[in-house]
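Everything below concerns the one structure shown next.
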Amino acid sequence: MSAPATTPALEVRGLTKHFGGVYAVDGCSFEAPLGQVTGLIGPNGAGKSTAIDLISGFKLPDSGTVIFKGVALEGLPPHRISRLGLIRTFQSPREWAGLTVLENVVMARWDSGREGFLRGVVGLGRADREKSANELTRAREILDEFGLATLRNERAGNLSGGQKRLVEFARIRMAQPKLVILDEPMGGVNPVLGERMALAIEGFIASGTSVIVVEHNLPFIQRVTQHVIVMAQGAVIAEGPFESLRSNQDVVDAYLGEMVRQ
Amino acid sequence: MTAYLVSILTEGAIFGIMALGLNVIWGWSGDFDLAYYGYIAVGAYMTLVLTVGPAVAPAQYILGLQLPYPLAVAIAVISAMAVALIVGLIALRHLRGIYFSIVTLGAVYVMYVFAGQYVPLFDGYNGLSGLFDPMGDWFSLDYLSYQYFFMGLSLAMFVVVYLLMWRISGSRFGMALRTLREDERAAAAFGRDIYRLKLKGYVLGAGVGGFAGALFAAYLSAFNPSAWSPVEVIVLYAAVLVGGRGNIVGVALGVLIMGMLVQESTRFLPSVPGLGQLNTLHPQVLLALRGAIIGLVLILFLRFRPQGLLPERRYVDRQPALDATPGNA
């Protein structure tokens, strides 16, 4: 196991959530190293998505704790967690369909000072106007980087599935969180886009955003992660670099069997 | 004819303010609020109890003050916002879509029945009356010139509300409301406090509705339950839908079209052979037909042009792209 040397980006301890008699997440504990890409894999029903919902505040855990930047996240609402610098994506792209691609990226950055009702009526001061102008420029640069510049005035709802994923990545780039949790970013995406997504994830790391990526596409996990956590039946059953997991019998039994036999 | 034009313009301006308020709640935040007419009614009732003076038996109602009209309007608007805050705190917490609509429908019927049955509040089904030509004596206007004055006032207020909405529409606050409409989970993931933001939009919209109600009370010089069946809100929805949900120019256009349709249908319908006769036998026929026409327009638009005549416009970035080659990452 490669123990992270620095403070982890995220620390999860004994996270538990049950729905009726079903334990979706059952004593899940792991650490995601800072400045790295951590993969979170496991068979369907392993509790990965529920774990993400618990970490990001979209569901309340029954017990356990989540530490991010020294703050215990459990019990905080999603927007508070987001404002602390932990942003998550969803299994299906959740673009703001009626807004343009550029607006999607600009609005990815939350700002209490400029978003108030009174600011809307009275207008912004010079410093804030400058800030908005700079952000617009930044949004254009990001779209350019993702090859979406020509689509920036298009309504996001009109894009293809793969393009919507790229918009999502562009939004994260704009928001610049400390940690991003990507929930199946390759779901429904043309494999050709895979390399671009991988590069984008490297870009996150370079800009100071640690990454946790949940994914069923194992070649993609192998390509982008330094550290992998394997979940089954609500708990972590193994972790380490992807290569080391191939030889782990528990992992093979739970999940990787098919791939190894191929 | 002039009198007719004056009344059309006055009503149109007030109706327009109502629709602009609804556009905040439905057009921007995306909530199909059926309690909206209740806030208009609160605005109208409160204006009346604050201006018409003490109740004379057997009439009974609260307050019975004789405040200057503008002050009464301000308090009426705040009252409408307060009621909306209470309804919003309950309905916007977890409920969305049809569930939200059902709860707001319940809320408006509670208001309606309460205003009708609880006589000491607003004199029950008799309602309130006696607000004649507010601010008229400030300028010593006679009856006719007052009609012009009030038309001018209503139109000016429409322009003020319109400009306010125009400011908000393009602001980050307006954009944040739209992110809720488009996908509120994503909005939360990117830092928006959904509940608080939705409440702000809801109370703002209700305040605009209450303001329209305050003008409406002065225009009618009275208000009672028969003046505000909660289903009236459907005409407002039709106006916003036909014009273009989310687009304030569209909303103004929708008001013009639906206003004309509502006004004129009762005029041209009797000229349809046989209908005039039928209406003298059954006096409700024309009114029912008018409702049917509005319903038909709604259905046709929902089917063939759900975005309305003037769809919501989006910001178009005209800066030349830095590098227009797709795939150059």
**Request:** Go through the stretch B:275-318 and count every residue that is modelled with pLDDT of 80 or more and assigned to a loop (DSSP other than H, G, I, E, B).
**Result:** 14
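Name the one entry in B:Thr47, B:Thr104 that is more than 30 Å from B:Ser7 (Cβ to Cβ) and modelled with pLDDT of 95 or more.
From the options B:Thr47, B:Thr104, the qualifying one is B:Thr104.
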**Asked** Just to be sure, is A:Arg114 charged (D, E, K, R), at the interface with another protein chain (Cβ under 7 Å from one of its Cβ atoms) and under 19 Å from A:Val211 (Cβ atoms)?
**Response** no
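Select, from A:Arg129, A:Arg119, the only residue that is of a type outside the set (Phe, Trp, Tyr), at the interface with chain B (Cβ under 9 Å from one of its Cβ atoms) and more than 27 Å from the chain's Cα centre (by Cα).
Working: A:Arg129 fails: at the interface with chain B (Cβ under 9 Å from one of its Cβ atoms).
Checking each option against the conditions leaves just A:Arg119.
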**Complete:** Subset of the stretch A:134-189, residues in a helix (DSSP H, G or I), within 11 Å of another protein chain (Cβ to nearest Cβ), surrounded by fewer than 20 Cβ atoms within 10 Å (Cβ to Cβ) and not charged (D, E, K, R), comes to A:Leu136, A:Thr137, A:Thr150, A:Gly157
**Message:** Suppose we filter the stretch A:99-111 for residues that are buried (at least 23 other Cβ atoms within 10 Å of the Cβ) and within 7 Å of another protein chain (Cβ to nearest Cβ); how many remain?
**Reply:** 5
**Item:** Residue satisfying all of: in the stretch A:204-220; β-branched (Val, Ile, Thr) and in contact (Cβ under 8 Å) with a residue 60 or more places away in the chain; surrounded by the fewest Cβ atoms within 10 Å (Cβ to Cβ) among these
**Value:** A:Ile205
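Residues checked against (1) closer than 21 Å to B:Arg178 by Cβ; (2) under 20 Å from the mean Cα position of the chain (by Cα); (3) outside the structural domain of B:Met175 (by TED's automatic domain parsing):
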{"position": "B:Ala222", "(1), (2), (3)": "no, yes, no"}
{"position": "B:Leu241", "(1), (2), (3)": "yes, yes, yes"}
{"position": "B:Val249", "(1), (2), (3)": "yes, yes, yes"}
{"position": "B:Thr266", "(1), (2), (3)": "no, no, yes"}
{"position": "B:Gln284", "(1), (2), (3)": "no, no, yes"}
{"position": "B:Val297", "(1), (2), (3)": "no, yes, yes"}
{"position": "B:Gly308", "(1), (2), (3)": "yes, yes, yes"}
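Filter the stretch A:7-23 down to the residues that are more than 18 Å from A:Val180 (Cβ to Cβ) and modelled with pLDDT under 95, then identify the one that is surrounded by the most Cβ atoms within 10 Å (Cβ to Cβ).
Once the filter is applied, the top-ranked residue is A:Tyr23.
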**Message:** Can you pull out every residue in the stretch A:77-89 that is crowded, with 21+ Cβ neighbours inside 10 Å and part of a loop (DSSP other than H, G, I, E, B)?
**Reply:** A:Thr89
**Request:** May I ask you to list the residues in the stretch A:104-131 that are in contact with a Phe, Trp or Tyr (Cβ under 6 Å, 6 or more places away or on another chain) and free of Cβ contacts under 8 Å to residues at least 12 places away in the same chain?
**Result:** A:Glu115, A:Phe117, A:Gly120
**Fill in**
Screening B:Gly191, B:Gly213, B:Gly174, B:Gly243 for residues that are within 14 Å of chain A (Cβ to nearest Cβ) and either in contact (Cβ under 8 Å) with a residue 60 or more places away in the chain or within 22 Å of B:Ala44 (Cα to Cα) (or both) leaves only B:Gly174
**Prompt:** Considering only the stretch B:61-110, how many residues are among the basic types (Lys, Arg) and touching a Ser or Thr at 6+ places or on another chain (Cβ under 8 Å)?
**Reply:** 0
**Request:** Would you check which residues across the stretch B:215-268 are outside any helix (DSSP H, G or I), among the hydrophobic types (A, V, I, L, M, F, W, C) and modelled with pLDDT of 90 or more and list them?
**Result:** B:Ala222, B:Phe223
**Fill in**
Scanning the stretch A:76-114 residue by residue, those in contact with a Ser or Thr (Cβ under 8 Å, 6 or more places away or on another chain) and more than 30 Å from A:Thr38 (Cβ to Cβ) turn out to be A:Leu99, A:Arg114
**Fill in**
Of (1) in contact with a helix residue (DSSP H, G or I) (Cβ under 7 Å, 6 or more places away or on another chain); (2) touching a residue at least 40 places away in the same chain (Cβ under 8 Å), B:Ala222 satisfies every one except (1)
**Asked** Just wondering, is there one or more residues in the stretch A:56-76 that are facing another protein chain (nearest Cβ under 7 Å), free of Cβ contacts under 8 Å to residues at least 40 places away in the same chain and either part of a helix (DSSP H, G or I) or of a type in the set (Val, Ile, Thr) (or both)?
**Response** no
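So for the stretch B:194-201 (the condition being modelled with pLDDT of 95 or more, more than 10 Å from every other protein chain (Cβ to nearest Cβ) and in a helix (DSSP H, G or I)), does at least one residue qualify? Break it down stepwise before answering.
Initial filter on the stretch B:194-201 (modelled with pLDDT of 95 or more): B:194-201.
Applying the additional criterion that residues be more than 10 Å from every other protein chain (Cβ to nearest Cβ) yields B:198-199.
If we keep only those that are in a helix (DSSP H, G or I) as well, we get B:198-199.
Looking through the stretch B:194-201, at least one residue is modelled with pLDDT of 95 or more, more than 10 Å from every other protein chain (Cβ to nearest Cβ) and in a helix (DSSP H, G or I).
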**Message:** Can you find a residue that is touching a residue at least 40 places away in the same chain (Cβ under 8 Å), buried (at least 19 other Cβ atoms within 10 Å of the Cβ) and at positive phi anywhere in the stretch A:33-45?
**Reply:** yes
**Asked** Filter the stretch B:1-29 for residues that are small (Gly, Ala, Ser) and surrounded by fewer than 23 Cβ atoms within 10 Å (Cβ to Cβ); which is farthest from the chain's Cα centre (by Cα)?
**Response** B:Ala3
**Request:** Could you please find all residues in the stretch A:77-94 being within 7 Å of chain B (Cβ to nearest Cβ) and closer than 15 Å to A:Arg155 by Cβ?
**Result:** A:Arg94
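Would you mind finding the one in B:Tyr37, B:Tyr109 that is outside any loop (DSSP other than H, G, I, E, B), of a type in the set (Ser, Thr, Tyr) and under 30 Å from A:Gly98 (Cβ atoms)? Spell out the reasoning first.
Working: B:Tyr109 fails: under 30 Å from A:Gly98 (Cβ atoms).
Answer to the check: B:Tyr37.
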**Request:** Might you let me know whether the stretch A:25-43 holds any residue that is assigned to a loop (DSSP other than H, G, I, E, B), over 24 Å from A:Ala198 (Cα atoms) and modelled with pLDDT of 95 or more?
**Result:** no
**Request:** Looking only at the stretch B:311-326, decide whether some residue is more than 17 Å from the chain's Cα centre (by Cα), surrounded by fewer than 19 Cβ atoms within 10 Å (Cβ to Cβ), more than 14 Å from chain A (Cβ to nearest Cβ) and of a type in the set (Ser, Thr, Tyr).
**Result:** no
**Fill in**
Given (1) surrounded by 20 or more Cβ atoms within 10 Å (Cβ to Cβ); (2) touching a residue at least 40 places away in the same chain (Cβ under 8 Å); (3) within 9 Å of another protein chain (Cβ to nearest Cβ), A:Arg196 misses just (1)
**Asked** Any idea how many residues of the stretch B:162-195 are surrounded by 19 or more Cβ atoms within 10 Å (Cβ to Cβ), in contact with a Phe, Trp or Tyr (Cβ under 9 Å, 6 or more places away or on another chain) and farther than 30 Å from A:Gly57 by Cβ?
**Response** 1
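The values are calculated or read from the model by the stated rules, or taken from the named source; none is laboratory data. The structure presented is a predicted model; accordingly, all values stated were derived computationally and were not measured. Here Cβ is always computed from backbone atoms with ideal geometry, including for glycine, and neighbour counts include all displayed protein chains.
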